[in-house]
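The values are calculated or read from the model by the stated rules, or taken from the named source; none is laboratory data. What you are looking at is a predicted structure, and each value in this text was computed from that prediction instead of being measured. Note that we place each Cβ from the backbone using ideal geometry, even for glycine, and neighbour counts take in every protein chain shown. Note: areas computed on protein heavy atoms with side chains; ligands, DNA, RNA excluded. Shrake-Rupley method; radii C 1.70, N 1.55, O 1.52, S 1.80 Å.
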Amino acid sequence: MTTPHLSKALATFASELQIGDIPEEVIARTEDLLVDWFGSAIAGKGSRPVETITQFAQTMGGFNAANPGSAEILISRKSSSPFLAALANAAASHVAEQDDVHNGSVFHPATVVFPAALATAQTIGASGEDLLVAAVAGYEVGIRVGEFLGRSHYKTFHTTGTAGTLAAAAAVGRLLKLNPNQMLHAFGSAGTQSAGLWEFLRDAADSKQLHTAHAASTGLMSAYLAQSGFTGAEHILEGKQGLAAGMSSDADPSKLIDRLGSRWTIAETSFKYHASCRHTHPAADALLQVMLKHHLKPSDIAKVETLVHQGAIDVLGPVTDPATVHQSKFSMGTVLALVAHYQFAGLQEFDQHFHDQAICAFRDRVTMILDPEVDGAYPQRWIGKVKVYLNHGEVLEGRVDEPKGDPGNTLSRAEITDKAMRLAAFSGGATPSEMSSAIERLWNIRKQPKVGLLIS
């Protein structure tokens, strides 16, 4: 029996995907995710790591000032090459911790797929429909690669930085109309450059923005190189010295082609409600449920136990005394403290209050405990369970099976629009009128014969 060539099967799918293959509700979901991503990208303005990467991109593109390129760097309103625009926009859209996430792969697709796809579409004059098809290809590839690499991979590697290279390559490759063999070579080049380690969390380092910037731009580069005949490893995913061999101990090759063409993983993708690491959201929603039901104040609570999966402990555990706003978004205690005090852990709450005395005091009364049920359901389901210990001795329990933003508890288009407007207002990245105009254009992107500038 011949062993299936899984990398090629996935590459062929991405290469040959057509608008008619995609259900209408999946196209609509892709539009939702595009608008949601745009808000996160604009929210990156003013962030020091993002501004540093953006300045680098603009400097590197300065050698041809008379013809800088037609791809839009969103936070600076300047044009550049698609490579550098993808680099800058991918960094910008991941810093606010409001970009989307796919539960089963523990992967943030939008922040690597849309920057690469938008920059390419603007450069080659692709249509809005082309952009949407390319985005679906990118999501489907990246999510499946993340699921394939498994939980052992995520323990050390930031999946958005690793699987993200292939997701971006798939999206750009589809826009460039790569044939299946070219797409396979793009995957090989993207996969060999996959990178992203969680060690940065211990130092409050800026690496998370570099992970997405690198993944989006590297995937784009890999697709363009493949178009010009550059070759890559043909078994980059499942080969003896491929991604799984080097980066996973529990890889499941069947995940790569699981119901390919009938199961649309992009429709399984969740929106972020709170502006923090997604691992904190289930417990935050469960705590809020308890507090609202029992009319509790933060001062009523002696301590909170969060019952979590191992992935939450791996990622959030190193952050015990967050030194920066961004690091505090990976502190379970800080997120729950903000939710307890303000009923929401948004950008304003983090920026103004993450180090308040009351928030720090509550933070230190929050612990994480591995729970067999929660861990067994993860990553397909992210269950939130908390035990809330009151000062007078009573213990209350809360449970949320679908955190706000999950497909079964999703955001409406009005909520997505409101979120994007709120993100822009926080960062000052665009005026209300600019955002309204850009969002209207994005809601109607499928009708656009050419993807032009979003903010003009």
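Looking at segment 106-119, is at least one residue assigned to a loop (DSSP other than H, G, I, E, B), open to solvent by 10 Å² or more (accessible area, probe 1.4 Å) and over 26 Å from residue 271 (Cα atoms)? Within segment 106-119 (the criterion being assigned to a loop (DSSP other than H, G, I, E, B), open to solvent by 10 Å² or more (accessible area, probe 1.4 Å) and over 26 Å from residue 271 (Cα atoms)), the answer is no, since none of the residues qualifies.
Just one of the listed residues (335, 319, 374, 339) is assigned to a loop (DSSP other than H, G, I, E, B) and surrounded by 19 or more Cβ atoms within 10 Å (Cβ to Cβ), namely 319. All conditions in (1) over 17 Å from residue 165 (Cβ atoms); (2) open to solvent by less than 10 Å² (accessible area, probe 1.4 Å); (3) of a type outside the set (Val, Ile, Thr) hold for residue 217, with the sole exception of (1).
Which ones in segment 182-207 are surrounded by fewer than 24 Cβ atoms within 10 Å (Cβ to Cβ) and in contact (Cβ under 8 Å) with a residue 60 or more places away in the chain?
First, pick out the residues of segment 182-207 that are surrounded by fewer than 24 Cβ atoms within 10 Å (Cβ to Cβ): 182, 192-193, 195-207.
Selection gives 182, 198, 201, 202, 204, 206.
When you check residue 330 against the structure, is it of a type in the set (Phe, Trp, Tyr), surrounded by fewer than 22 Cβ atoms within 10 Å (Cβ to Cβ), touching a residue at least 24 places away in the same chain (Cβ under 8 Å) and under 25 Å from residue 209 (Cβ atoms), yes or no? Judged against the criteria, residue 330 is not a match. The set of residues in segment 352-368 being open to solvent by 50 Å² or more (accessible area, probe 1.4 Å) and either basic (Lys, Arg) or in contact (Cβ under 8 Å) with a residue 40 or more places away in the chain (or both) consists of 358, 365, 367, 368.
If you go through segment 80-99 and keep only what is assigned to a loop (DSSP other than H, G, I, E, B) and not β-branched (Val, Ile, Thr), you end up with 81, 93, 94, 96, 97, 98, 99.
Is it true that residue 223 is open to solvent by less than 10 Å² (accessible area, probe 1.4 Å) and in contact (Cβ under 8 Å) with a residue 40 or more places away in the chain? Quick ask: steps written out before the conclusion?
Numbers: open to solvent by less than 10 Å² (accessible area, probe 1.4 Å): yes; in contact (Cβ under 8 Å) with a residue 40 or more places away in the chain: yes.
Here the answer is yes, as residue 223 does meet what is asked.
For segment 256-314, residues that are β-branched (Val, Ile, Thr), in a helix (DSSP H, G or I) and open to solvent by less than 10 Å² (accessible area, probe 1.4 Å) total 4.
Within segment 183-213, which residues are of a type in the set (S, T, N, Q), in contact with a Leu (Cβ under 8 Å, 6 or more places away or on another chain) and in a helix (DSSP H, G or I)? Across segment 183-213, the qualifying residues are 189, 207.
Going through segment 364-395 one residue at a time, which ones are basic (Lys, Arg) and under 23 Å from residue 101 (Cβ atoms)? Working first, answer last.
Quick first cut of segment 364-395, residues basic (Lys, Arg) only: 365, 381, 385, 387.
Listed by number, the residues that qualify are 381, 385.
Residues considered: 148, 83. Of these, the only one that is modelled with pLDDT of 95 or more and over 28 Å from residue 261 (Cα atoms) is 83.
Here's the yes/no breakdown for (1) within 25 Å of residue 95 (Cα to Cα); (2) over 24 Å from the mean Cα position of the chain (by Cα); (3) among the aromatic types (Phe, Trp, Tyr):
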| site | (1), (2), (3) |
| --- | --- |
| 225 | no, yes, no |
| 230 | no, yes, yes |
| 241 | no, yes, no |
| 260 | no, no, no |
| 272 | yes, no, no |
| 279 | yes, no, no |
| 290 | no, yes, no |
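Kindly evaluate residue 456 against the criterion of being modelled with pLDDT of 95 or more and either in a loop (DSSP other than H, G, I, E, B) or over 12 Å from residue 36 (Cβ atoms) (or both). For residue 456, the condition - modelled with pLDDT of 95 or more and either in a loop (DSSP other than H, G, I, E, B) or over 12 Å from residue 36 (Cβ atoms) (or both) - is not met.
Filter segment 390-404 down to residues that are open to solvent by less than 60 Å² (accessible area, probe 1.4 Å) and assigned to a strand (DSSP E or B) and give me whichever is farthest from residue 104 (Cα to Cα). In this case the residue turns out to be 390.
Please enumerate the residues belonging to segment 142-177 that are crowded, with 24+ Cβ neighbours inside 10 Å and more than 30 Å from residue 318 (Cβ to Cβ). Scanning segment 142-177 gives 169, 170, 171, 172, 173, 174, 175. Taking residue 124, is it buried (at least 24 other Cβ atoms within 10 Å of the Cβ), touching a helix residue (DSSP H, G or I) at 6+ places or on another chain (Cβ under 9 Å) and at pLDDT 95 or above? It is false that residue 124 is buried (at least 24 other Cβ atoms within 10 Å of the Cβ), touching a helix residue (DSSP H, G or I) at 6+ places or on another chain (Cβ under 9 Å) and at pLDDT 95 or above. Taking the criterion of being surrounded by fewer than 22 Cβ atoms within 10 Å (Cβ to Cβ), among the hydrophobic types (A, V, I, L, M, F, W, C), more than 15 Å from the chain's Cα centre (by Cα) and in a helix (DSSP H, G or I), the residues of segment 14-64 that qualify are 19, 26, 27, 28, 56, 60, 63.
Just checking, which of 387, 419 is out of contact with any His (no Cβ under 7 Å at 6 or more places or on another chain), open to solvent by less than 20 Å² (accessible area, probe 1.4 Å) and at pLDDT 95 or above? Only one candidate passes the filter, namely 419.
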